[in-house]
Each structure stands twice: as C-alpha cells, then as structure tokens.
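S.K.: Pasting a structure below so you can have a look.
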Amino acid sequence: MPAQRKTVAVCACTGCTKRGSSEVREALEREVVAHGLSDHVEIQAGDCDGLCGIGPVVRVAADGVLYRAVKPADAAKIVAEHIAGGSPVERLRYQGPGAAESVVPESGHPFFKDQLFWVMRNKGLIDPESIDEYIARDGYFGLAKALTELTPERIVEEVLTSGLRGRGGGGFPTGLKWKFAAGSKGDVKYVLCNADEGDPGAFMDRSVLEADPHSVIEGMAIAARCIGAKKGYIYCRTEYPLAIHRLNVAIAAAREYGLLGTDILGTGFDFDLEIYEGAGAFVCGEETALMASIEGRRGMPRPRPPFPAHQGLWKKPSILNNVETFANIPQIILNGGAWYAAVGTEKSKGTKVVALSGKVKNIGLVEVAMGTTIRSIVYDIGGGVPNRKKFKAVQLGGPSGGCVPESHLDTLVDYEEIAKVGAIMGSGGMIVMDETTCMVDMARYFMDFIQDESCGKCTPCREGTRRMLEILQGICAGKGQEGDIEKLEALSEVIRESSLCGLGQTGPNPVLSTLRYFRDEYEAHIKEKRCPAKRCTALLKFWVDPEKCKKCGLCFKACPQGAITWEKKQPAVIDTAKCVQCMSCFEACPSSSIF
Ligand SMILES: Cc1cc2nc3c(=O)[nH]c(=O)nc-3n(C[C@H](O)[C@H](O)[C@H](O)COP(=O)(O)O)c2cc1C
C-alpha cells in the first residue's frame, strides 16, 4: 500500500458484522470509486475498537476520527465531507458519554484514554488477514529472537520474570507451567491453546483471535520452542466462525512465509498448528476435558495428577494456555520480562483485557493495566450507569465469579485483591448491574447455567447444583422457606469441597458472594415474599401510592394491558387482576410512586 494512501478501517468483528459492517464497507468502497479517490484511499476490514455496543464502527486512521452506528446510507456523506472535503461528519462521530468530548482527538476519548493497549495493540490498526501488516508492527520478531538468540531456559526465565499469569481464569504463573513441561522427558510434546471461551458474556478471546490471530500463533510457536514441541492445537468453539476463518488464513500465511512448518527461519526448528473445532460445551474449557475432546472422546475432566505438563494430550507432556496468555508472549520475548513486569501490581503484572457489559454506558472490550480500580473501569472507561439509575454491583469472573458491591469499587484489578472481596478475575468478564437487578435472580441465572453445563461425571456437581437451582427457583417464585439460605450454604460447601473439577468447585460462587453482600434480598424474598428490585414477577403486586402520585398519567400511557385507570388531576389506579407485571408503569413513573 503506498504510504500516502488514507486508510479507512471498517470494524469487521462479529458484533459489527452482525450490525451490517460489510455493507458499510462496500458502500464506502463504491463512494471512493465514485469520487475518483481509489488511488488515495484504502477501505479496510479493520478490527476491533472494542466499542461493541455502538457498531458498526468506522475509523479514519489519518486523523483518528471514529464514527459509530454507521449505515451504508452514511457512506456518501463520510466520503464527500470527510475523506474528500476534510471535515468530519459530526453527526456520526463517536462522542463518548459527554457532548464536550466531540472535539477531542480519539486518544482523549473517555473510553480510550485510561486504557493500555498491549494485547490489543494491533486492533483496528492492521488488517488481521495480512501477515505483512502484522510483521510491519514487529510481528514474528519475538519468535525470531526466541529461535536465534535465546535458549529454552532463557525463554522460561523471561516469562517468569515478566510475572505473566494465565488469563484463562486460574492465574497460574505461565513461566512455571512452561518450566515443568520443558523439564518433562519425551520426544513428542504438545502446545495447546484454549480458545473455548465458555463464560456467558465473555468475548475477549474471540476479539483477540479476530483482530490479531498472528499474535496467538507467534506466542504458541515461542512456547513450542521453549518446551520442545513440534505440534500444536488451537481448540476453538465452532460458534466463532470469523475467528476460525482468520486463524486459518493466518496459519496458511505463516506456513507460506516459513514461520510455521519445517526448518522455521532456517534454524532447523519445526512446529505446525491445527485448529480443533469444539462444539461449545462449557466444561470442554477445563484442561483435561479439552484434551479428551481433542482425542475424540467425550469432553469430561479427569483427576490430576498426573498434570498435563507430564501427561497431557495422548499422555504426552503438554502445555495449555489461554488465547490472551499467548498473545502476551511475543512482546515479553521481544522487550524482555522486566519490561512487562514494570506495569501492574506486586503479584499481577501487565494488562488485562476485560469484556465490559450490562448496565454501563460504554459496553465493549477494554484493556487496562493491572492495578487499575474497578471503579475506574466502570465509571471512567465505562461511563457509569445509564438512565440515571443507581449502581448496585459488578459481577466479575463469569459463572465461577462473584459480585463486587459499591463499597468495594476501589478494589484493584489484581488476582489476590479481587479474591479478597469474594470474586475472581476469571477470564475478565465484568457485568455491571444497577438497582433494578435482583441479586437472587442473578444467582439463579448463573446456577441454571452451571447445572446445565455440568458434565455429570461427579455426583456433587451433577446433583448438588441441581438442588441449589431448585431452591433458588423456589425463592424467586415466592416459595422460599425458612432454612433455604442455610441449605444453600451447606450445599455450596460440599460441592466446592468434593467436586472433581473447577466447574463444580467454583459453581456456588455467585450464590455465596450474593449471600455475602445481599443477604437481605434473600431474606426479603423468603420472609416477606417481596423482591426489592422488583424483578421476580411472581412476587410483584403493583399499586400506586396516591399520596406520592404526581397524577401525570405516564404510567397509564405506558401500560400495554390497559390495567391502569387515570384521569386528569387524579392519581392512577392499577387493576391487579389485569396487570401482567411487565414493569412498564414502574419504569415510566417519574416520581417513584409505584410499588
Ligand atoms: C469448567 C471450566 C471451564 C474453563 N473454560 C476455559 C475457557 O473457556 N478458556 C480458558 O482459557 N480457560 C478455561 N478454563 C481454565 C482452563 O482449564 C485452564 O486453566 C486454562 O486454559 C490454562 O491457561 P492459562 O494458564 O493461560 O490461563 C476453564 C476451567 C474450567 C474448570
């Protein structure tokens, strides 16, 4: 591409593609041709600015202007006014939560300014299907260094010095895992990448694979050199077709360039990769279940030891790492472990990619330095809770995670600090909840997921989680009984202690953490048959307080059932026989006089 050409990147991540980014790209291409600008402007399929809630996103690289929610019909204006005319189209420009931000450059946008892009350093800046563009941003230089300058022992040393811990949930030191596998005897060893990403609401790994597949391939090749493996597998769920497509393109290109296959870079080192498409069972993300699945058996965990570093895939020494973990490796090798360890807290180094979702203004993918506060992620980057609702909690770490209430918002993103407040870093999911979230219902949702995904091999997980779910369903349905909370606590303890794998061992966490901070909500459901957040419909009986009612009639207009009677200057009245508890009146009432 000639240097003077302007690049316009249209986000092609799964979210933006679903919202029509391919059509936007085609329309922009047509307009560029119509304006005779083909020699000066390149329309690229870029990836991914992380602003997943407002796509399709279009970035004009030369001046860093971001457009959001672009439609094909907007292409003519963008090309005529901005690309040809030099004046950005203000109506479409990403403005951040405050209008004043519309004039600042992209780096000053609230969503971006507190982020640190290491894992996502290439996102939106390179075409993920171009190996040349990856190489132009130092891609495969880490591998070249690992092959020509470093011994396997030095690679282990650098990774240990970096302090990198596994991003798949457990936070186990990556260098240590590699050291064990490097020290294991055997001619055949495997490097495995866990791209199963089963946590509800998580899309960090998918985004990394879609935006920068070569960074994961390079990380795996370095790991292979370190432990002495010749073969690797990327276990990716089949629901990620774009990630799989880009991985296939990247693997083929790396082979063509002599960066995968035999005699890599003329050093005599051989390593090749294969993608294994998993069918999307959550438990297949557990390392021993994942290996069973690649072997063609049903994905069920097995007891450890033996650990995979000694007996992994087909009983050969293996290492398994998460996508984000591998994506960190090339830069650690290129810049040195000490460079990496300079950012973060005492025990959690580098950055963490977080999927921010729920009741927050800026939903999307965020990368922050370890040690950033959760408050900063939710408020400075996320823009806080929309619709003037009150913040209630943020759920961290997926189904094995826990809730952090307002009083702990200043907790640092750090494995140990997050664990102290009853949650886990997990793979980096953060779901923000406002005052309208019922914490018992939330616990019920996660328990439903866990019991559904239990593989059934061990009794505590198979039966115990089902019993817990039944109790939670009963509480939400207004059938809660004295003693239910104690039963939940006792079951949690047994399931945690006696389950075979992490699924059961951590499954009760959402219940335990909501009990720790929101026990009063459980008690209100059980003792008063009341849902304080007004979510559990079986417990709702709506009525209007005539004293507080502003007599505005907004609830009357909002009710889809005709269950509300109202006349000018009269308080509204709800007919409970007709009411279907849809919450429309409650949400429409400006004076909070509906109960
Ligand atoms: C039920 C269950 C599901 C898991 N799912 C994933 C997953 O989707 N992706 C992942 O990287 N790790 C997952 N893990 C953790 C892996 O077993 C393993 O610890 C991790 O992939 C190791 O890589 P890391 O050290 O780089 O984190 C899961 C664990 C359990 C118990």
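The values are calculated or read from the model by the stated rules, or taken from the named source; none is laboratory data. It should be emphasised that the depicted structure is a prediction, and the values quoted were computed from it without experimental measurement. All Cβ positions, even for glycine, are placed from backbone atoms using ideal geometry, and neighbour counts span all protein chains on display. Note: areas computed on protein heavy atoms with side chains; ligands, DNA, RNA excluded. Shrake-Rupley method; radii C 1.70, N 1.55, O 1.52, S 1.80 Å.
S.K.: List, in order, the whole-Hz ³J(HN,Hα) value for each residue of the stretch 119-134 obtained from phi through the Karplus relation with A = 6.51, B = -1.76, C = 1.60 and θ = phi - 60°; use x for Gly and Pro.
M.R.: 5, 9, 5, 9, 4, x, 9, 10, 7, x, 9, 10, 5, 4, 5, 5
S.K.: Between the stretch 314-351 and the stretch 172-249, what is the C-alpha centre distance in whole Å?
M.R.: Using only Cα atoms to place each centre, the spacing works out to 12 Å.
S.K.: With all protein chains present, calculate the accessible area of Val33 using a 1.4 Å probe and round the result to the nearest 10 Å².
M.R.: Solvent-accessible area, nearest 10 Å²: 100 Å².
S.K.: Okay, moving on. What's the local net charge at Gly186, with K and R +1, D and E -1, over the other residues with C-beta under 11 Å away? Mind dumping the intermediate values first?
M.R.: Working: positive: Lys185, Lys189, Lys315, Lys316; negative: Asp187.
Computed value for this residue: +3.
S.K.: Longer than 32 Å from Cα to Cα, which of Lys550/Lys578; Lys189/Lys420; Lys231/Lys349; Lys123/Lys231; Lys179/Lys352; Lys6/Lys113 are they? Say none if no pair is. Display every interim value, and only then the final one.
M.R.: Values: Lys550/Lys578 23 Å; Lys189/Lys420 37 Å; Lys231/Lys349 29 Å; Lys123/Lys231 28 Å; Lys179/Lys352 23 Å; Lys6/Lys113 24 Å.
Flagged as over cut-off: Lys189/Lys420.
S.K.: Okay, next question. Per residue of the stretch 200-207, in order, report the coupling 6.51 cos²θ - 1.76 cosθ + 1.60 (Karplus, θ = phi - 60°) as ³J(HN,Hα) in whole Hz, putting x for Gly and Pro.
M.R.: Karplus-based 3J(HN,Hα) across the stretch 200-207 equals x, x, 8, 8, 5, 5, 4, 5 Hz.
S.K.: When the helices in the chain are scored as -39500 (n - 2.57) per DSSP H run of 4 or longer and the sum is shared across all residues, what 222 nm value do you end up with, to the nearest 500 deg cm²/dmol? Spell out each step's value before the answer.
M.R.: On the way: 21 runs with 205 residues, N = 595.
Helix contribution divided over all residues of the chain: -10000 deg cm²/dmol.
S.K.: Between Glu346 and Lys390, how many nm apart are label points set 7 Å from Cα along the C-beta direction?
M.R.: With each label point 7 Å from Cα toward Cβ, the separation is 3.6 nm.
S.K.: Another question about this same structure. For the pair Asp520/Glu90, report the inter-label distance in nm, with labels modelled 7 Å from Cα in the Cβ direction.
M.R.: Between Asp520 and Glu90, the simple spin-label model gives 4.7 nm.
S.K.: Below 8 Å between Cα atoms, with a sequence gap of 6+, how large is the relative contact order for the chain in percent? Please report the intermediate quantities before stating the final value.
M.R.: On the way: 1254 pairs, mean separation 67.3, N = 595.
So the answer I get is 11 percent.
S.K.: Okay, moving on. So if I take the centroid of the Cα atoms in the stretch 48-80 and the same for the stretch 503-519, what is the distance between those two points in Å?
M.R.: That distance is 41 Å.
S.K.: Kirkwood Rh, Cα Rg: Rg to Rh for the chain?
M.R.: On the way: Rg = 26.2 Å, Rh = 25.9 Å.
Ratio value, two decimals: 1.01.
S.K.: Report, by chain and number, residues whose modeled amide H sits under 5 Å from the one on Gly358, excluding near sequence neighbours (fewer than 5 apart, same chain).
M.R.: HN-HN under 5 Å from Gly358: Val432.
S.K.: Could you pull out every residue, at least 5 positions away or on a different chain, whose amide H is within less than 5 Å of the one on Lys349? Hs are placed 1.01 Å off N in the peptide plane, and Pro or chain starts have none.
M.R.: Here the answer is Arg165, since their amide H atoms fall under 5 Å of that of Lys349.
S.K.: What's the ranking of 369-377, 542-550 by average number of surrounding C-beta atoms within 10 Å, highest first?
M.R.: Values: 369-377: 20.0, 542-550: 14.4.
Ranking, from highest mean packing down: 369-377, 542-550.
S.K.: A follow-up question, please. Taking Cα pairs under 8 Å and at least six residues apart, what relative contact order does the stretch 533-595 come out at, in percent?
M.R.: Working: 98 pairs, mean separation 25.9, N = 63.
Relative contact order of the stretch 533-595: 41 percent.
S.K.: Can I ask one more? Kindly work out what percent of the DSSP beta bridges joining two residues of the chain are antiparallel, to the nearest 5. Walk me through the numbers on the way to the answer.
M.R.: Details: 30 of 58 bridges.
Rounded to the nearest five, the antiparallel share is 50 percent.
S.K.: Still on this structure, I have one more. Is the stretch 276-407 best put as rounded, prolate or oblate by its Cα gyration tensor, with a ≥ b ≥ c the root eigenvalues, rounded for a/c under 1.5, and otherwise prolate when a/b is larger than b/c, oblate when not?
M.R.: It is oblate, given that a/c is not under 1.5 and a/b is not larger than b/c.
S.K.: Also, I was wondering about something else. Give, as a single signed number, the net charge of other residues whose beta carbon lies under 11 Å from the beta carbon of Ala563, with Lys and Arg counted +1 and Asp and Glu -1.
M.R.: On the way: positive: Lys578; negative: Asp575.
Surrounding charge for Ala563 is 0.
S.K.: So what are the ³J(HN,Hα) numbers for the stretch 259-272, from phi and the Karplus equation (6.51, -1.76, 1.60; θ = phi - 60°), rounded to whole Hz, Gly and Pro as x?
M.R.: 9, 9, x, 9, 6, 4, 6, x, 9, x, 8, 10, 7, 9
S.K.: State the extension gain, in nm to one decimal, for the chain segment bounded by Ala62 and Val249, taking 0.36 nm per residue of separation less the distance between their alpha-carbons. Mind showing how you got there, number by number?
M.R.: Working: separation 187, 0.36 × 187 = 67.32 nm, distance 2.74 nm.
Value of the extension gain: 64.6 nm.
S.K.: What ranking do 151-157, 224-230 get when scored by the average of other Cβ atoms within 10 Å per residue, highest first? All intermediate terms of the calculation are to be shown ahead of the outcome.
M.R.: Values: 151-157: 16.9, 224-230: 22.6.
In descending order of packing, they fall as 224-230, 151-157.
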